[in-house]
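The structure under discussion appears below in the form of structure tokens.
The values are calculated or read from the model by the stated rules, or taken from the named source; none is laboratory data. Bear in mind that the values here come from a model prediction, so they are computed numbers and not experimental data. Using ideal geometry, Cβ is built from the backbone for each residue, glycine included, and neighbour counts are taken over all protein chains shown. With ligands, DNA and RNA removed, areas are computed over all heavy atoms of the protein, side chains included. Shrake-Rupley method; radii C 1.70, N 1.55, O 1.52, S 1.80 Å.
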Amino acid sequence: MDSVSSGSSLQLLAKLLHDAQEDDDDDDDEHVPHCSVSTMTPGSIGPVKKEATGTFQVKSENRKTIWSAEEVPEGSEFDDTWDPREQPEYQILFKQCVGTEDVFFGMSRKDPSTACCEDVVIKIKLPETKYSDITLDIQDKVLDLRTPKKKLLLHLPYHVDSKNGKARFLSEEETLEVTLRLSRKFDFINFV
């Protein structure tokens, strides 16, 4: 019962498509049936769409620019691929303040994941370097370190508070330790 009605529906659909195809063609072979399933595609259903052949408009005021300011990643102005200085060894650690209520009782929402950490600590090994030779620049998402022998451009995993950070040089370990406060969206949920 359903197969009969669906078969007639298919015949009506084929006739409709055939009639639409005849309207597009101005040939004299109107009475020749064109009921080939292989020529029908989902794109052949409905009116024929005309391709848009137009030019797109450039939003940039200066037509010589390739990228807009939003498309260029932060810190790319420091990238210098031709600089021969080597990259020092570094380590990124996450730090959180926990109390007894967190460790023993589990009363807060903190867990050991990086989502619950308040600070990021970057330890950079700088052998044979004096404290006075270090140049350090920190932005919201980039750490740029330059010494006479080493260069490090580090894209940080989270946004940080670049104005309130601490750095100390441990001369006996020849390590620079930079501590930065994370500033992420929705931190008010984790740190109530």
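Descriptive notes on the structure:
- Scanning the stretch 125-153 for residues that are more than 30 Å from G99 (Cβ to Cβ) and assigned to a strand (DSSP E or B) yields K125, T135, L136, D137, V142, D144, L145, R146, K150, K151, L152, L153.
- Boolean, P88 is part of a loop (DSSP other than H, G, I, E, B), modelled with pLDDT of 75 or more and within 30 Å of T175 (Cα to Cα): yes
- Summed over the stretch 101-134, residues that are open to solvent by less than 80 Å² (accessible area, probe 1.4 Å), over 23 Å from the mean Cα position of the chain (by Cα) and hydroxyl-bearing (S, T, Y) total 2.
- Number of residues in the stretch 165-192 that are at pLDDT 90 or above and open to solvent by 90 Å² or more (accessible area, probe 1.4 Å) equals 5.
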